[in-house]
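Asker: To start, I am sharing the structure in question, which I have written as structure tokens.
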Amino acid sequence: MNREKNRNMDEGPMPHRGGKGDHLLEELAEKGMLLFVGSVNCLRHKPYRRIGVLMREGRAALLCPSMSDFSSGRYLNQIVEALAELSREHGEKRFVIACGCQWVILSTDSELLKERVKREYDIDLTVFEDAHLEFGDHE
């Protein structure tokens with residue numbers, strides 16, 4: 001039986017694959033509640049396996065817009081709505097977005113988004129735009 005294939009997804013990184021991506025989610029979540037924004041397919045990348053632990057602790061959430069949401073720009077309003085809802089539910093005012101490659105491909109204006117959520121909801125937002133590259137298995 002292949003041990004690696006049958007590991008519990010909460011056990012953390014595979015022993016033979018190190019790299020800064022292995023602990024990046026934890027580091028980002030220390031800066032505020034983590035919101036992953038990207039395709040559900042992005043969650044197959046190895047560091048996202050630990051996002052379930054952060055979600056159970058109330059330190060992370062997922063927003064997986066459809067391709068039509070991305071292509072139409074609806075994902076921007078979905079992000080704002082998700083941040084506002086999470087802020088109300090968790091009493092959190094600091095958020096970190098880890099994003100999939102769609103964010104970069106569409107040239108999402110992170111600064112404009114940060115200004116909007118600060119103005120409308122007094123939320124401090126950090127956007128980690130390189131999350132899709134830092135997670136080791138894109139090498």
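The values are calculated or read from the model by the stated rules, or taken from the named source; none is laboratory data. Model, not experiment: these values are computed from the prediction. We place every Cβ from the backbone using ideal geometry, glycine too, and count neighbours over all the protein chains shown. Please note that ligands, DNA and RNA were not included when accessible areas were found on the heavy atoms of the full protein model with its side chains. Shrake-Rupley method; radii C 1.70, N 1.55, O 1.52, S 1.80 Å.
Asker: With the structure loaded, tell me whether residue 73 is at pLDDT 90 or above, of a type outside the set (Ser, Thr, Tyr) and at positive phi or whether it fails that test.
Answerer: Yes.
Asker: Just name the residue that is most open to solvent (accessible area, probe 1.4 Å) out of those in segment 89-131 that are without any contact (Cβ under 8 Å) to a residue 24 or more places away in the chain and of a type in the set (A, V, I, L, M, F, W, C).
Answerer: The extreme case among them is 105.
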